[in-house]
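Notes follow the structure.
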Amino acid sequence: MPIINIKKVLVANRGEIAVRVIRACRELGIRTVAVFSDADRESLHVRYADEAYNIGPPSPNESYLAIDKMVDVAKRAHVDAIHPGFGFLSERAAFAEAVINEGIVWIGPPPEAIRIMGDKDMARKTMQAAGVRVIPGTEAGDPLEAMLAAADQEIGFPLMVKAAAGGGGKGMRIVRSREDLQSAIETAQREAAGAFGDGRVYLEKLIEGARHIEFQVLADHDGNTIHLFERECSLQRRHQKLVEEAPSVIMDDELRAKMGAMAVAAAEAV
């Protein structure tokens, strides 16, 4: 892979993550371009960047989620690369593809990896094929009768009903009895369809008292992949993280090594 010379980066985000990316670029001698909605024109990331462009009204759908506006700014500013930060367009495969199609360096996972991991059903199947363990469950889109039978015969209770698409806790329901399962499935399907335009759901065994541990993974264009250790994200409200802590107080060296290797294998599978 030829060496890519990046001299100017568009940070396609706002707030804390935009400031951190801009700061890192500054330390590397890379010029930065910020974007902002009408509501964020006085934000810190706007003042930190070398250049800043307005991308529209406060509504994210008309600004930070508008792919055409982001690409237009990138072209007008003549940037070499785009860093999406987290949230917003960072998990949209269509945005990554649009950036790459313009000949701009995409600082993030390949579009296909975003697409696979953004669909929980595809992600589960990909991980299983790679030998990475997943929680027992059904396939998304199974008929209602098949899900009811799987709950009775294979998964057991308590279990989770989960939307295949999206995130943020939407389309999720804890079910503790057979009597409540059908209504929970139907409610989750409606919620997922409304939030993500995709009503597919699946069932998964509920692990109560579990800890939420994430491993950060970094890969380059040549496929070299490493993990940057773990962070503890167990303290949540309504499925949203409140505090992230590193290192996790429950991890020992053996478990850290095992989970780290599994995280690398998972990343290499996509």
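The values are calculated or read from the model by the stated rules, or taken from the named source; none is laboratory data. Model, not experiment: these values are computed from the prediction. All Cβ positions, glycine included, derive from the backbone under ideal geometry; neighbour counts span all protein chains shown.
For residues that are modelled with pLDDT under 95 and outside any loop (DSSP other than H, G, I, E, B), scanning just the stretch 219-257, find the one that is surrounded by the most Cβ atoms within 10 Å (Cβ to Cβ). Per the criteria, the residue is Ala219.
Does Gly260 fit the bill of being of a type outside the set (Val, Ile, Thr) and either under 30 Å from Glu145 (Cα atoms) or exposed (fewer than 15 other Cβ atoms within 10 Å of the Cβ) (or both)? Break it down stepwise before answering.
On the way: of a type outside the set (Val, Ile, Thr): yes; either under 30 Å from Glu145 (Cα atoms) or exposed (fewer than 15 other Cβ atoms within 10 Å of the Cβ) (or both): no.
When the stated conditions are applied, Gly260 does not pass them.
Scanning the stretch 55-73 for residues that are farther than 14 Å from Pro84 by Cβ and of a type in the set (D, E, K, R) returns Glu62, Asp68, Asp72.
Close contacts from the stretch 131-157, counting a first residue that is farther than 18 Å from Arg200 by Cβ and a second that is among the basic types (Lys, Arg) and in a loop (DSSP other than H, G, I, E, B), with Cβ to Cβ under 6 Å and a gap of 6+ residues or different chains, come to Phe157/Arg176.
Here Ala96 meets each of (1) farther than 25 Å from Ala184 by Cβ; (2) surrounded by 17 or more Cβ atoms within 10 Å (Cβ to Cβ); (3) outside the structural domain of His83 (by TED's automatic domain parsing) with one exception, condition (3). Against the conditions (1) buried (at least 16 other Cβ atoms within 10 Å of the Cβ); (2) within 30 Å of Gly260 (Cα to Cα), Asp142 satisfies every one except (2). Taking Ala193, is it assigned to a loop (DSSP other than H, G, I, E, B) and not assigned by TED's automatic domain parsing to the domain that holds Met259? Spelling it out, it is not the case that Ala193 is assigned to a loop (DSSP other than H, G, I, E, B) and not assigned by TED's automatic domain parsing to the domain that holds Met259. If I ask for residues that are surrounded by 18 or more Cβ atoms within 10 Å (Cβ to Cβ) and closer than 30 Å to Val249 by Cβ, which ones from the stretch 169-212 would you list? Matches in the stretch 169-212: Met172, Glu204. Elements of the type helices (runs of 4 or more DSSP H) sitting completely within the stretch 9-82 and holding at least 1 residues that are under 20 Å from Glu102 (Cα atoms): these cover 67-77. Return the residue satisfying two criteria in turn: it lies in the stretch 170-190 and is among the small types (Gly, Ala, Ser) and either at pLDDT 95 or above or part of a helix (DSSP H, G or I) (or both), and of such residues it is farthest from Leu148 (Cα to Cα). So the residue we want is Ala188.
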